[in-house]
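Notes follow the structure.
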Amino acid sequence: MRSRSGIERLINLECMAYNAMTLLPYSDEAFSYYQFASAQETRFGIGQQIQASIIFSSFVGKLETVIKSCSLIKIIEGYILSGFKNIQKL
């Protein structure tokens with residue numbers, strides 16, 4: 001009985017995914033390009049956009065880390081140099 005229930009759930013999930021890919025281009029203007037595409041083409045196109053978004057987001061995150069690190073290094077260098085100047089005055 002459990003395997004039959006699992007199979008029914010899997011089939012229902014596949015139907016929902018197919019329907020989402022078929023209806024999405026008509027319900028959201030951002031995806032109107034896919035109105036005459038197959039569900040597979042729509043899924044592939046959306047997947048490509050998601051991958052690009054993840055890669056861009058990851059790149060921006062790393063870039064922000066580098067910028068923050070550079071700022072911290074400059075602050076530390078300034079602090080060290082100001083301390084060195086104070087020592088030279090003595």
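The values are calculated or read from the model by the stated rules, or taken from the named source; none is laboratory data. Treat the numbers as computed from the prediction; the structure is a model and nothing was measured. Glycine also receives a Cβ, built like all others from the backbone with ideal geometry; neighbour counts cover every protein chain displayed. Just so you know, the surface numbers come from the protein's heavy atoms only, side chains and all, with ligands and any DNA or RNA stripped out. Shrake-Rupley method; radii C 1.70, N 1.55, O 1.52, S 1.80 Å.
Of all residues in region 29-58, those being among the acidic types (D, E) and closer than 15 Å to A17 by Cβ number 1. Residues of region 1-24 being surrounded by 10 or more Cβ atoms within 10 Å (Cβ to Cβ) and either touching a Cys at 6+ places or on another chain (Cβ under 6 Å) or of a type in the set (S, T, N, Q) (or both), which ones? Once the filter is applied, which keeps residues that are surrounded by 10 or more Cβ atoms within 10 Å (Cβ to Cβ) and either touching a Cys at 6+ places or on another chain (Cβ under 6 Å) or of a type in the set (S, T, N, Q) (or both), region 1-24 yields N12, N19, T22.
Exactly one residue out of A39, A20, A52 is of a type in the set (A, V, I, L, M) and touching a Phe, Trp or Tyr at 6+ places or on another chain (Cβ under 9 Å): that is A39. Scanning region 1-54 for residues that are more than 24 Å from the chain's Cα centre (by Cα) and aromatic (F, W, Y) yields a count of 2. I'd like to know if region 25-34 contains one or more residues that are among the acidic types (D, E), surrounded by 10 or more Cβ atoms within 10 Å (Cβ to Cβ) and not in a helix (DSSP H, G or I). Yes; the residues of region 25-34 include at least one that is among the acidic types (D, E), surrounded by 10 or more Cβ atoms within 10 Å (Cβ to Cβ) and not in a helix (DSSP H, G or I). Quick check: anything in region 57-64 of a type in the set (V, I, T), at pLDDT below 85 and open to solvent by less than 70 Å² (accessible area, probe 1.4 Å)? For region 57-64, residues of a type in the set (V, I, T), at pLDDT below 85 and open to solvent by less than 70 Å² (accessible area, probe 1.4 Å): present.
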